[in-house]
1. Roughly speaking, what is the stretch gain from Asp145 to Ala558, that is 0.36 nm per residue apart minus the C-alpha to C-alpha distance, in nm to one decimal?
2. Using all C-alpha to C-alpha distances in the stretch 277-317, build P(r) with 5 Å bins and read off the rounded percent in each one.
3. Testing the spin-label approximation: label points 7 Å from Cα along Cα→Cβ at Ser435 and Lys237. State their distance in nm.
4. Provide the gained length on full extension for the span Glu264 to Gln128, in nm with one decimal, where the gain is 0.36 nm per separating residue minus the Cα-Cα distance.
5. Would you kindly find the accessible area of Lys167, with a 1.4 Å probe and non-protein molecules such as ligands, DNA and RNA excluded, rounding to the nearest 10 Å²?
6. Give me the Debye-computed log₁₀ of I(q)/I(0) at q = 0.12, 0.18, 0.24 Å⁻¹ for the stretch 456-539, equal point scatterers on Cα only, no solvent, two decimals.
7. What is the spin-label model distance, in nm, from Trp546 to Asn459 if the labels are put 7 Å beyond Cα along the C-beta direction?
8. Could you run the Karplus curve 6.51 cos²θ - 1.76 cosθ + 1.60 with θ = phi - 60° over the stretch 326-333 and give me ³J(HN,Hα) per residue in whole Hz, x for Gly and Pro?
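The values are calculated or read from the model by the stated rules, or taken from the named source; none is laboratory data. Treat the numbers as computed from the prediction; the structure is a model and nothing was measured. Note that we place each Cβ from the backbone using ideal geometry, even for glycine, and neighbour counts take in every protein chain shown. The accessibility values were calculated without ligands, DNA or RNA, using every heavy atom of the protein model including side chains. Shrake-Rupley method; radii C 1.70, N 1.55, O 1.52, S 1.80 Å.
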Amino acid sequence: MAPTRRTLIRSVVAGSALAVLPDLPPLTARSAAAASPPGDVVGKVTVGYQGWFSCPGDGAPIGGWWHWSRDRFQSPAPSNTTIVSWPDMREYARGYPTAYPNLGDGRPATLFSSYDQQTVDTHFRWMQEYGCDTAALQRFNPFGDEGPTRDAMTVKVRSAAERYGRKFYVMYDVTGWTAMQSQLKEDWTTRMSAHTASPAYARQNGRPVVCVWGFGFADDGRPFAPAACLDVVRWLKAQGCYVIGGVPTYWRQGINDSRPGFAEVYHAFDMLSPWMVGRTGTLDGLDWFHANVNVPDLADCAAHGIDYQPCVMPGDLSAGHRRHGDFYWRHLYNMVRLGSQGLYVSMFDEFNEGNQISKTSETAAATPAGAGIRALDEDGTFCSADYYLRITADGGRMLKGQLALTPVRPTPPVTGGGQPSGGDLAAGRPASSSSQQNGPFSAGNAVDADPGSYWESANGVFPQWWQVDLGAARSVARVVLALPPGWEARTQTLSVQGSTDGASFGTLAASAGVRFDPAGGNQATLTFAATSIRYLRVLITANTGWPAGQLARLSAYAA
């Protein structure tokens, strides 16, 4: 199995810590003229589509839990996994049982198979509903054991694209493909070119679109010399193709993630789509890239008659980048005001890297209990499962001039706005405690959006309590407690109490030793009979890891 882009590309750039956001420049007109007229990629929203998940029993030739687990012949579980996000499974006709714990609401933890046609149809229906124009179907080395499955996935994607009026094209990823120069040509000639006969196959300037991702990257997975890469680009163009290059972030300068000496290769493409995943996780970082990388990139493309399709990303959910949509919207806004000729969304279904826009678990209730997988409400704001698809739809409208250029995200986390009853009732609410160790470890840290901040009581004295004011009487039936994810394991003896007036407290969950283990994300879920309370309290009487009460996050949910 080819390594993912995440394992090969990680870098740190300008804009590291969360900070006060800089003033944005005034709204400007889209000024850059495309080298090409509107087509199936110019002026359109393209989404990267992996289509690489399979499960035992789905009929896929590759067999096993392809891309769901490290050992694909063993069921995925917290100790055998490759994913960092969990799909919302409510619209799939079939799910496959896993070895993960049940979801927070008690349902079995099941996953989808991309090899099921209904799964692909569901994904392309979502693309249709949310304005994703074109899908770039990822294709790794098809001459290995995954080749037959990849071939079949192309047929399934073609069928779904035709059914739902979407476009698709083949996107070769050359990672680890040592015989790429000859085998890519063979694969296109004998297998993939036949799909260009489909009315759903993407065309630009009247030519079928094909992308090659990975030329020029400065890593061992793509050691190809410039001459071999240039030969492939020129060969594809000689076949009548419109060729897109998925290139390094710093392609223009030949530094950092780009090898030097590839300028002629990069300028041979019809369109350039520089990679951005892993480059920044902050809003100020996105603004830095806009000013220092994207603006000169677009100028270089314009000077060479090349179309520009920058990568936009929703942010790594597992790393806390998303900020309930603000990160994604800033990236879309920056690339549209730049004058980009198209957008490449990375990715549609990339649950391995946490940057998927596909429907995702909303809360811990729809996520395996204790598995350490973040749901969309990870920063305390409830987001509907389709939230990032809705943002994509608005971003596409802004790209096409159907929505005014605006730095203000027009898309609320919940359709119609507001906080539904299923969201975290404690997020951002006033918190207090019996004591705290010192200023940085205050009670409010347990209801903020930072999983690394925490409350800690005075040391060496028990019992200690922490409580939150829900603002009004709420029905509460479940709490999720967490410590910072990097901490060593420990057990805290605690009970959960509730009150309507803040003076008289009753027991909701009896005192017991609660285990916090980094293998399970240092989280624990406690359920009890639904009770109407305003004040929610955790009473701690012992801690095996530190002589104090400690809490990084408390989330409260209704039944």
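1. Extra length from Asp145 to Ala558 when fully extended: 144.0 nm.
2. Over the stretch 277-317, the share of Cα pairs per 5 Å bin runs 6, 21, 28, 20, 14, 9, 3, 0 percent.
3. In this crude label model, Ser435 to Lys237 measures out at 7.3 nm.
4. 45.2 nm
5. 60 Å²
6. Each listed q corresponds, in turn, to -0.38, -0.81, -1.22.
7. For the pair Trp546/Asn459, the computed spacing is 1.0 nm.
8. 5, 5, 4, 5, 4, 5, 4, 4
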